[in-house]
Amino acid sequence: MVKLSNNLIGILNFLTLILSIPILVAGVWLSKQSNTECERWLERPVIALGVFLLVVSLAGLIGACCRVSWLLWFYLLVMFLLIVLLFGFTIFAFVVTNKGAGEALGNKGYKEYRLGDYSNWLQKRVNNTNTWNRIRSCLQSGKLCSDFQSRFLNDTVDKFYTENLSALQSGCCKPSDDCKFVYQNPTTWTKTTNATYTNPDCDAWNNDPNVLCFNCQSCKAGLLQNLKTDWKKVAIINVIFLVFLIIVYSIGCCAFRNNRRDNWKRY
């Protein structure tokens with residue numbers, strides 16, 4: 001039973017080592033295949049994650065199975081830091097995604113989103129020009145609104161207003177309901193002549209497929225709504241993962257004590 005902790009740590013890190021290989025291969029494959037800035041942005045964290053898992057799992061595997069105490073100490077240090085960082089990120093994710101929700105509209109199947117409803121930290125991120133330019137490029141290259149236009153092309157205005165649009169579709173691919181534009185098709189709307197708009201998104205709207213409402217505050221708000229939903233899911237998964245990491249860390253501490261006890265016996 002004394003050596004059980006070493007065996008468990010060895011098995012867990014062997015499985016992690018196996019997992020790191022396809023992650024690393026996927027990252028390298030993305031770097032060879034990437035054609036857009038979005039894909040190039042994705043490849044770096046995937047490769048970094050693969051290398052991290054590879055190095056840490058090797059340290060834990062060799063440290064536990066070969067009784068190399070300093071490697072196991074390094075493994076435990078990294079695990080401790082990972083637990084602290086993951087705990088901090090989980091709390092942070094719950095805090096910054098606590099504010100913000102879509103505004104339900106009467107007789108409409110979709111909601112509209114206001115940037116000011118979300119946390120100041122998130123607003124600052126999307127209001128940064130360089131950051132938003134990259135995000136907008138990703139949304140455009142991802143064919144968000146071209147798919148939206150194709151899907152609802154044959155809708156009459158009454159049918160379109162009943163559609164259950166996503167936050168990004170509502171914010172980026174159509175004008176705000178405040179604008180009172182005349183519907184032609186999902187991505188083509190006629191502006192009222194000489195009208196004065198209180199919502200700046202109305203002036204930002206353009207029927208050009210490459211423009212639409214990608215420069216609108218509502219588009220940024222739609223992105224933040226998506227981000228909020230995703231971060232809340234990630235935060236819940238992180239809580240489960242934290243429990244798992246704490247258990248593994250505890251087993252690792254037992255394995256480290258076993259290694260030190262064995263080393264003392266040798267001398």
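For a quick check: with amide H placed at 1.01 Å from N, whose amide H comes under 5 Å from LEU212's, ignoring anything fewer than 5 positions away on the same chain?
So LEU212 has HN proximity to ASN206.
In the chain, if the dipole is taken from +1 on Lys/Arg beta carbons and -1 on Asp/Glu beta carbons about the Cα centre, which of THR193, LEU242, ASN6 is farthest to the positive end?
ASN6
For LYS111, which sequence-distant residues (separation of 5 or more, or a different chain) have an amide H within less than 5 Å of its own amide H, given hydrogens modelled in the peptide plane?
Residues meeting the criterion, in which the H sits 1.01 Å from N, are LEU165.
If you take the charge dipole of the chain about its Cα centre, with +1 on Lys and Arg Cβ and -1 on Asp and Glu Cβ, which of PHE181, SER141, LEU76 is farthest toward its positive end?
Checking the options against the dipole of the chain, the answer is LEU76.
Please list, short to long, the whole-number percent of alpha-carbon pairs of region 187-261 in consecutive 10 angstrom bins beginning at zero.
16, 23, 16, 13, 11, 10, 7, 3, 0
Can you find, among THR16, ASN98, TRP132, the residue farthest towards the positive end of the dipole of the chain? Put +1 on the C-beta of Lys and Arg, -1 on that of Asp and Glu.
THR16
In sequence order, what are the phi-derived ³J(HN,Hα) couplings for region 17-28 according to the Karplus relation 6.51 cos²θ - 1.76 cosθ + 1.60 with θ = phi - 60°, rounded to whole Hz, with x for glycine and proline?
Taking θ as phi minus 60°, the curve returns 4, 5, 5, 5, 5, x, 5, 5, 5, 4, x, 5 Hz for region 17-28.
For the chain, what relative contact order do you get, as a whole percent, if you take Cα pairs closer than 8 Å and at least 6 residues apart?
That works out to 23 percent.
Assigning unit charges at the beta carbon (Lys, Arg +1; Asp, Glu -1) and nothing else, what dipole magnitude in debye, to the nearest 20, does region 156-214 show about its Cα centre?
100 debye
Can you order the peptides 153-164, 10-21 by their average number of other Cβ atoms within 10 Å per residue, highest first? Mind dumping the intermediate values first?
Working: 153-164: 12.2, 10-21: 16.1.
The densest-packed peptide leads the list: 10-21, 153-164.
Let's test this: bin the Cα-Cα distances of region 126-267 at 5 Å from zero up to the farthest pair and state each bin's percent.
2, 9, 14, 16, 13, 9, 6, 4, 4, 4, 4, 4, 3, 3, 2, 2, 1, 0, 0
Top to bottom by accessible area (1.4 Å), largest first, where do TYR249, TYR118 land?
Ranked from most to least accessible, the order is TYR249, TYR118.
Using a Förster distance of 41 Å, how high is the FRET efficiency between LEU242 and THR193, based on the Cβ-Cβ distance and rounded to 0.05?
Efficiency computed from Cβ-Cβ geometry: 0.10.
Would you please classify the overall shape of region 39-103 from the alpha carbon gyration tensor, given that a ≥ b ≥ c denote the square roots of the eigenvalues, rounded means a/c under 1.5, and beyond that prolate means a/b larger than b/c while oblate covers the rest?
Judged from the Cα gyration tensor, region 39-103 comes out oblate (a/c at least 1.5, b/c at or above a/b).
Can you tell me the dipole magnitude for region 128-267 around its Cα centre, using point charges on the Cβ only (Lys, Arg +1; Asp, Glu -1), in Debye to the nearest 20?
1280 debye
About the Cα centre, and with charges only on the beta carbon of Lys, Arg (+1) and Asp, Glu (-1), how big is the dipole of the chain? Nearest 20 debye, please.
Its charge dipole is roughly 1360 debye.
When ranked by the protection proxy of mean other Cβ atoms within 10 Å per residue, highest first, what sequence do the peptides 238-247, 68-77, 210-219, 177-186 form?
210-219, 68-77, 177-186, 238-247
A 22 angstrom limit on the alpha carbon distance is what I want to check against. Which of LYS111/LYS180; LYS99/LYS159; LYS111/LYS228 exceed it?
As for pairs spanning more than 22 Å Cα to Cα, those are LYS99/LYS159.
Take the Cα atoms of the chain, build their convex hull, and give its volume per residue in Å³.
154 Å³
Using a 1.4 angstrom probe with every protein chain in place, what is the largest-first accessible-area order of LYS174, LYS143?
LYS143, LYS174
What list of ³J(HN,Hα) couplings, whole Hz, do you get for region 244-249 from phi and the Karplus terms 6.51, -1.76, 1.60, once you set θ to phi - 60° and write x for glycine and proline?
Once θ is set to phi - 60°, the couplings for region 244-249 become 4, 5, 5, 5, 4, 4 Hz.
For LEU85 paired with ASN7, estimate the spin-label separation in nm (one decimal), with each label point 7 Å from Cα along the Cα-to-Cβ line.
In this crude label model, LEU85 to ASN7 measures out at 3.3 nm.
The values are calculated or read from the model by the stated rules, or taken from the named source; none is laboratory data. On a predicted model such as this, the values are computed, not experimentally measured, just so you know. FYI the Cβ positions are ideal-geometry reconstructions off the backbone, even for glycines, and counts take in every protein chain you see. We work out accessible area using only protein heavy atoms, side chains counted, and drop any ligands, DNA or RNA first. Shrake-Rupley method; radii C 1.70, N 1.55, O 1.52, S 1.80 Å.
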